[in-house]
Amino acid sequence: MALLLAATGIAIDKAHTSSLISAEQDQLRLQFFGLLGAMEWQDGGVDMGDRLKEPRFWQFRSGLYAQIRLRNATPLWQSVSSETIPLPIPKNTPRGGQELFSEIKVDKEPFFVFQYHAIWETDDDREIPLIFSLYSSQTPLLNELNKFQHQLSLWLGLVLTISLFVTALILFWGLRPLRDLASDLEQLERGDTGKLRPDYPRELQGITRNLNQLLEKEKKQRERYRNTLADLAHSLKTPLAILKGSSTDDMAVAEQITRMDNIINYQLKRAVSSGKQNLNQRIPLQGIIERLCNTLTKVYRDKALVFDISLNAQDLIAIDEQDAMELFGNLLDNASKACKSKIRIRAENKEKHSLIYIEDDGPGISAESREQLLQRGMRGDQYGQGQGLGLAIVGDIIHSHDGRIDFKDSVLGGVCAEISLPR
């Protein structure tokens, strides 16, 4: 808008300037005809007498001057208004019967000059070429231009202000549906509503209808996942109850059966729960890690695993205990598979988060492969076992608790899993 008005102002100013200059040329042409009508040739010279009616030709330094000269630049007559001013001769001279309009400096001031090359025929049939030159000061025209440009700037500035105000009102009114859509999306994100309103303008109804269809599809898909998980966990309860009822002297087997029972109960609870659980308590990390390491030492006894645990009782995390068992169980199990013999677990506390590091001395994983580790069905190992779900479950648990996980190079030579969880 501002550029358009600026271009308009420049165009108007140029047109107005051209009009004033053209009017000045027409005025000097009329002055020339008046000069020509008042002139008489007497005794080999020019005589004006009192026939020249333009008062500015008789007024000292009036800004309008006239001169008649021969083609060889010999002056024949000069107006009284320019008697004390040396009138310069223009560089270009018009041909016979033609006029020439240009600009020139007179006494260091800008002037317009109008020249006409006339052929004067005397009473004795002689032809005398005469150059009529009229000089007009540009000062009045420049003052008029400055005044016009000032007024034009004021009016265009007012038009710009009004246009911007009207444009702002139109945008504010026109973008109101988008603001309403953004507000509804925020409510949708907070869980205050389940779908978008249908009363949007026609231009947005296609988007909102597709979003509602997508939300409905995703809702049904989540319900199917929960139902499938519930059915699977419920189906496993009966055979697991039989195993628990059987007597066994192996404490490790009994512990794993108990853990499987806890996992099934936990998954059943997650399957029937549709909302986010509030974390009102914190759990110690050290006990969970030690229990998992003891179990993995027995599972991978052939490797003679060495766990370097640098934790203490003050290392607390705000996470459900079953989630913690699932999260660190998968990470430590992967580290046990990948390592040669050593795994190191350490933690450090920040203001609102705890950083837990799980490192191994295995061969490591390329940077390209690390980006895909949390995707379902992708495995970071080459053991040919598993379905690639362990790390995907880890990612889901961490994200559900507003945490973060990154895979980096370990000083031990393998991979370092850096987990950030709220305290």
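Taking amide hydrogens as modeled 1.01 Å from N in the peptide plane, which residues meet the under 5 Å criterion relative to Ile317, leaving out close sequence neighbours?
Close amide H contacts, sequence-distant or interchain: Ile283, Leu285.
What percentages make up the Cα-Cα pair-distance distribution of the stretch 166-221 when the bins are 10 Å wide from 0?
22, 48, 23, 6, 1
Restricting things to alpha carbons, tell me how big the stretch 1-84 is in terms of Rg and Dmax, in Å.
Rg, Dmax (Cα atoms, Å): 19.2, 68.
Whenever you get a sec, compute what percent of the accessible area on the chain sits on carbon and sulfur atoms (1.4 Å probe).
Using a 1.4 Å probe with all protein chains present, the chain comes out at 53 percent carbon and sulfur.
What net charge do the residues around Gly44 carry, taking every other residue with its C-beta under 13 Å from that of Gly44, with Lys and Arg at +1 and Asp and Glu at -1?
-4
Take the cross-link list Lys337/Lys408; Lys219/Lys337; Lys108/Lys147; Lys220/Lys352; Lys352/Lys408; Lys195/Lys220 and give me the ones stretching past 25 Å between alpha-carbons.
Where the Cα-Cα span goes over 25 Å, the pairs concerned are Lys219/Lys337; Lys220/Lys352.
Name the long-range amide H neighbours of Gln59: under 5 Å, sequence gap of 5 or more, or other chain; modelled H, no Pro or chain starts.
Excluding prolines and chain starts, which carry no amide H, the hits are Ser81.
For the chain, build the charge dipole from Cβ charges (+1 Lys, Arg; -1 Asp, Glu) around the Cα centre, then report which of Ser369, Leu52, Ile317 sits farthest towards its positive end.
Result: Ile317.
For a quick protection proxy, order the peptides 319-331, 400-412 by their average other-Cβ count within 10 Å, most packed first.
Output ranking for 319-331, 400-412: 319-331, 400-412.
Just by accessible area at a 1.4 angstrom probe, what is the order of Leu5, Leu158, Leu214 from largest to smallest? Numbers along the way, then the final one.
Working: Leu5 25, Leu158 85, Leu214 110 Å².
Sorted by accessible area, descending: Leu214, Leu158, Leu5.
What does the charge count near Leu70 come to, summing +1 for each Lys or Arg and -1 for each Asp or Glu among other residues with Cβ under 14 Å from its Cβ?
Charge balance near Leu70 sits at +2.
Evaluate the charge dipole of the chain about its Cα centre and quote only its size in Debye, nearest 20, assuming +1 on the Cβ of each Lys and Arg and -1 on the Cβ of each Asp and Glu.
It works out to roughly 1960 debye.
Could you work out, for the chain, what percent of all Cα-Cα pairs fall into each 10 Å distance bin, beginning at 0 Å and stopping at the bin that holds the largest distance?
4, 14, 15, 11, 7, 6, 5, 5, 7, 8, 9, 6, 3, 1, 0, 0
Any idea what the alpha-carbon Rg over 2.2 N^0.38 Å comes to for the stretch 132-177?
Dividing the Cα Rg of the stretch 132-177 by 2.2 N^0.38 Å gives 2.19.
Is it possible to state the helix-based mean residue ellipticity at 222 nm for the chain, with each DSSP H run of 4+ residues giving -39500 (n - 2.57), the sum divided by total residues, to the nearest 500 deg cm²/dmol? What is it?
So the calculated ellipticity at 222 nm is -16500 deg cm²/dmol.
Short version: what are the Cα gyration tensor semi-axes of the stretch 279-339, square root of 5 times each eigenvalue, largest first, in whole Å?
In descending order the semi-axes read 23, 12, 8 Å.
Relative contact order of the stretch 1-93, please, whole-number percent, based on alpha carbon pairs below 8 angstrom and at least 6 residues apart.
Contact order relative to length: 16 percent.
Would you be so kind as to identify which of Gly174, Trp120, Leu130 lies farthest towards the positive end of the dipole of the stretch 65-195, taking Lys and Arg as +1 and Asp and Glu as -1 on Cβ and the Cα centre as origin?
Gly174
Taking the mean number of other Cβ atoms within 10 Å as a proxy for protection, how do you rank 302-315, 28-41 from highest to lowest?
28-41, 302-315
Please give the solvent-accessible surface of Cys416 in Å², to the nearest 10, using a probe radius of 1.4 Å with every protein chain present.
Cys416 has an accessible surface of roughly 10 Å² with all protein chains in place.
Read phi for every residue in the stretch 36-51 and hand back ³J(HN,Hα) as whole Hz from Karplus 6.51 cos²θ - 1.76 cosθ + 1.60, θ = phi - 60°, with x for Gly and Pro.
The phi angles translate into 5, x, 8, 7, 9, 9, 9, 6, x, x, 9, 10, 9, x, 10, 7 Hz.
Compute the long axis of helix 285-299 from its Cα atoms, compare it with the longest principal axis of the Cα atoms of the chain, and write down the angle in degrees, 0 to 90, nearest 10.
Tilt relative to the chain: about 60 degrees.
What number, in percent, do you get for the relative contact order of the chain if the mean sequence gap of Cα pairs under 8 Å and at least 6 apart is divided by its residue count?
It comes to 8 percent, rounded to a whole number.
Counting Lys and Arg as +1 and Asp and Glu as -1, what is the net charge of the other residues whose Cβ lies under 10 Å from the Cβ of Ser82?
Numbers: positive: Arg61; negative: Glu83, Asp107.
That works out to -1.
Which whole-Hz ³J(HN,Hα) couplings does the stretch 302-315 yield from phi under the Karplus relation 6.51 cos²θ - 1.76 cosθ + 1.60, θ = phi - 60°, glycine and proline marked x?
5, 7, 6, 4, 10, 9, 9, 9, 10, 10, 9, 5, 7, 7
Taking θ as phi - 60°, what are the ³J(HN,Hα) couplings along the stretch 163-168 by the Karplus curve (6.51, -1.76, 1.60), each to the nearest whole Hz, with x for Gly and Pro?
Residue by residue, the stretch 163-168 yields 5, 5, 5, 5, 4, 4 Hz.
The values are calculated or read from the model by the stated rules, or taken from the named source; none is laboratory data. Computed from a prediction, not measured in an experiment: that's the story for all the values here. Every residue, glycine as well, gets a Cβ built from its backbone with ideal geometry; the counts of neighbours run over all protein chains shown. With ligands, DNA and RNA removed, areas are computed over all heavy atoms of the protein, side chains included. Shrake-Rupley method; radii C 1.70, N 1.55, O 1.52, S 1.80 Å.
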